[in-house]
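The next block holds one structure in the form of structure tokens; read it before the comments.
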Amino acid sequence: MYKVLLLDEDERFIFDLTPKARLKIVRTLDLVEGGCMDAKLFKKLKGTEIWEFRTEYEGNAYRLLSFWDTRRKALIVATHGFVKKSQKTPRKEIEHAERIRAEYLKK
């Protein structure tokens, strides 16, 4: 139903995780690709064009920030990942995703 494209930073982030954490994140991506738009898994961040893949595992909140490539039907581009340490998504992470989005959409 949807296609998720992982950019290099996301691939490195996921690769550096434990195998079980990696598997959990891949499961989240698979669910969204299959059409599951549950806000517990994939949520739009207010006031931005950035979306957040959300995975919880062993007390850690893993996040992959992303955006929709509106030039291609049903393509979600994941920019980078991080372990969330607070309730609010850090502004610097959102700004990083927005810079990647702007650069990507120039192509």
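Scanning the stretch 62-96 for residues that are under 20 Å from LYS40 (Cβ atoms) and small (Gly, Ala, Ser), which turns out surrounded by the fewest Cβ atoms within 10 Å (Cβ to Cβ)? In this case the residue turns out to be SER86. Return the residues of the stretch 78-107 that are over 20 Å from ASP16 (Cβ atoms), of a type in the set (A, V, I, L, M) and modelled with pLDDT of 95 or more; say none if nothing qualifies. Those that are over 20 Å from ASP16 (Cβ atoms), of a type in the set (A, V, I, L, M) and modelled with pLDDT of 95 or more: ILE94, ALA102. Looking across the stretch 51-81, the residues that are touching a residue at least 24 places away in the same chain (Cβ under 8 Å), touching a Phe, Trp or Tyr at 6+ places or on another chain (Cβ under 9 Å) and among the aromatic types (Phe, Trp, Tyr) come down to TRP51, PHE53, TYR62, PHE67.
Each row is one residue, and each column tells you yes or no for (1) outside any strand (DSSP E or B); (2) under 15 Å from VAL77 (Cα atoms); (3) touching a helix residue (DSSP H, G or I) at 6+ places or on another chain (Cβ under 8 Å).
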{"residue": "VAL4", "(1), (2), (3)": "no, yes, yes"}
{"residue": "GLU11", "(1), (2), (3)": "yes, yes, no"}
{"residue": "LEU17", "(1), (2), (3)": "yes, no, yes"}
{"residue": "ALA21", "(1), (2), (3)": "yes, no, no"}
{"residue": "ARG27", "(1), (2), (3)": "yes, no, no"}
{"residue": "VAL32", "(1), (2), (3)": "yes, yes, no"}
{"residue": "ALA39", "(1), (2), (3)": "yes, no, no"}
{"residue": "ARG54", "(1), (2), (3)": "no, yes, yes"}
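Got at least one residue in the stretch 87-96 being in a strand (DSSP E or B) and either in contact (Cβ under 8 Å) with a residue 12 or more places away in the chain or not basic (Lys, Arg) (or both)? Checking the stretch 87-96: not a single residue is in a strand (DSSP E or B) and either in contact (Cβ under 8 Å) with a residue 12 or more places away in the chain or not basic (Lys, Arg) (or both).
The values are calculated or read from the model by the stated rules, or taken from the named source; none is laboratory data. Everything quoted here is computed from the prediction, not taken from an experiment. Note that we place each Cβ from the backbone using ideal geometry, even for glycine, and neighbour counts take in every protein chain shown.
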